[in-house]
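Colleague: Here it is, the structure in full.
Every read-out reported here was derived from the displayed coordinates using simple, explicitly stated rules and does not represent laboratory data. The structure displayed is predicted, hence computed values, not measured ones. Methodologically, a virtual Cβ is constructed for each residue, glycine included, from the backbone with ideal geometry; neighbour enumeration extends over all protein chains shown.
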Amino acid sequence: MTQLDWLSFYAESKGVEHIVIWLGSNNALSSLVDLNLDFQSPPLFRTDTEPTNIPGFDQKAVLYSVESFKSDFSALIQRLDVALAHNRYRDYKVYLVTVPELTIAPYLKGFGEPKRQQDGTYYFDTYGYFFATSPKVASTITMEQARFVDRQIQGYNKHIKSIVSSRSNFHLVDIAGELNKLAYLRNNGKPTYVWPKGATEAILSSLGNDFIPDTRLYETERLPWWKRWFSWSANGYRVKKGGLFSLDGLHPTAIAQGLFADEMMKVIRKAEKKTRIDSHSNDFAKHNDHIIRYNARMLQCKCAHLGKQHNLHLRPRHTY
């Protein structure tokens with residue numbers, strides 16, 4: 001039984017009000033995880049426009065072309081329509097989430113000075129693994145190759161947005177756009193993301209310094225001896241940089257997951273046209289201080305917290 005099979009069964013038997021569809025960056029992941037972008041040695045692309053379960057599909061392709069992604073994603077939406085054909089809730093809402101750009105994750109390390117592009121973003125001359133000390137002794141890709149992968153993902157997201165714009169009950173959650181604003185190096189050290197109310201205050205209070213988590217690779221530093229006595233940090237260490245991506249450099253931490261959940265709830269709240277919000281409960285820090293402090297706990301009940309603070313009263317059985 002697939003996820004769509006289960007969705008079909010549950011929609012018909014119980015009913016589903018909210019459906020979230022969020023694909024990761026797996027359609028391009030191999031290109032940067034393996035740093036395998038040899039344009040002279042096909043197959044770099046999966047370029048066919050048939051579903052991926054057809055015989056003869058080349059599993060060695062490391063990057064989906066935009067047209068190939070369009071084909072697969074459109075097929076997914078068609079099957080979603082079939083699964084929801086007998087949904088008990090006729091006014092259900094679907095939330096499509098954009099695909100994050102891979103080169104923002106600190107799995108890759110930039111070498112050289114960042115160069116400003118025409119669109120205002122910054123890219124490095126060469127990229128390698130985060131543990132590499134020099135581009136001369138490690139596998140690398142060029143700036144042009146990194147930007148090429150990002151353009152493919154931007155093409156994926158353009159298609160996702162076109163689907164949302166064509167359907168009244170579909171809503172866009174632009175996580176890729178918000179992550180671009182959060183990106184530290186992509187914005188030359190000046191992220192433009194606006195943090196939720198109370199989040200920065202809670203972080204500053206918890207960490208005991210002026211550090212705000214960013215998208216760089218996680219790193220700590222030992223406090224001076226005169227500060228260790230007054231620090232809650234284990235062994236007298238504090239965060240120096242990073243905090244939004246885990247130690248593998250690819251997956252978001254609990255803090256980043258909290259930010260993503262908050263962005264999701266903004267869209268759901270708007271879709272539900274809920275305007276009566278308690279200003280006291282609409283405080284990110286109130287519900288997330290324990291997440292910010294420990295950062296290792298998962299956000300299993302995050303949607304419940306945010307649903308309560310935005311007066312949505314979402315019930316798990318009605319959200320898929």
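Colleague: Sorted by average packing, counted as other Cβ atoms within 10 angstrom per residue and highest first, what order do 135-142, 253-260 take?
Modeller: 253-260, 135-142
Colleague: Taking the Cα-to-Cβ direction at Met1 and at Ile212 and moving 7 Å from each Cα, how far apart do the two end points lie in nm?
Modeller: 4.6 nm
Colleague: Of the peptides 21-32, 83-94, how do they stack up when ordered by the mean number of other Cβ atoms within 10 Å, highest first?
Modeller: Answer by packing, highest mean first, reads 21-32, 83-94.
Colleague: Checking the table Lys115/Lys241; Lys158/Lys241; Lys70/Lys190 against a 30 Å threshold on Cα-Cα, which pairs fail?
Modeller: Among Lys115/Lys241; Lys158/Lys241; Lys70/Lys190, the Cα-Cα distance tops 30 Å for Lys158/Lys241; Lys70/Lys190.
Colleague: Determine the distance separating the Cα centre of the range 95-109 from the Cα centre of the range 240-256; give it in Å without decimals.
Modeller: Distance between centres, Cα-based: 12 Å.
Colleague: Given a Förster distance of 35 Å, report the FRET efficiency between Glu113 and Arg222 from their Cβ-Cβ distance, rounded to the nearest 0.05.
Modeller: Efficiency, rounded to the nearest 0.05: 0.75.
Colleague: What FRET efficiency do you get for His159 and Val194 if R0 is 25 Å and r is their Cβ-Cβ distance, rounded to the nearest 0.05?
Modeller: My answer for the efficiency is 0.40.
Colleague: How far, in nm, would the chain grow between Tyr129 and Arg90 when pulled straight, counting 0.36 nm per residue and subtracting the alpha carbon separation?
Modeller: Length gained between Tyr129 and Arg90: 9.2 nm.
Colleague: Which of Met143, Gly120, Val99 sits closest to the plus end of the dipole of the range 76-144, meaning its Cα is farthest towards the positive end, when Lys and Arg get +1 and Asp and Glu get -1 on the C-beta?
Modeller: Farthest along the dipole direction, towards plus: Val99.
Colleague: Please work out how much length the chain gains when fully extended from Val137 to Ser168, using 0.36 nm per residue of separation minus the C-alpha to C-alpha distance, in nm with one decimal.
Modeller: 5.9 nm
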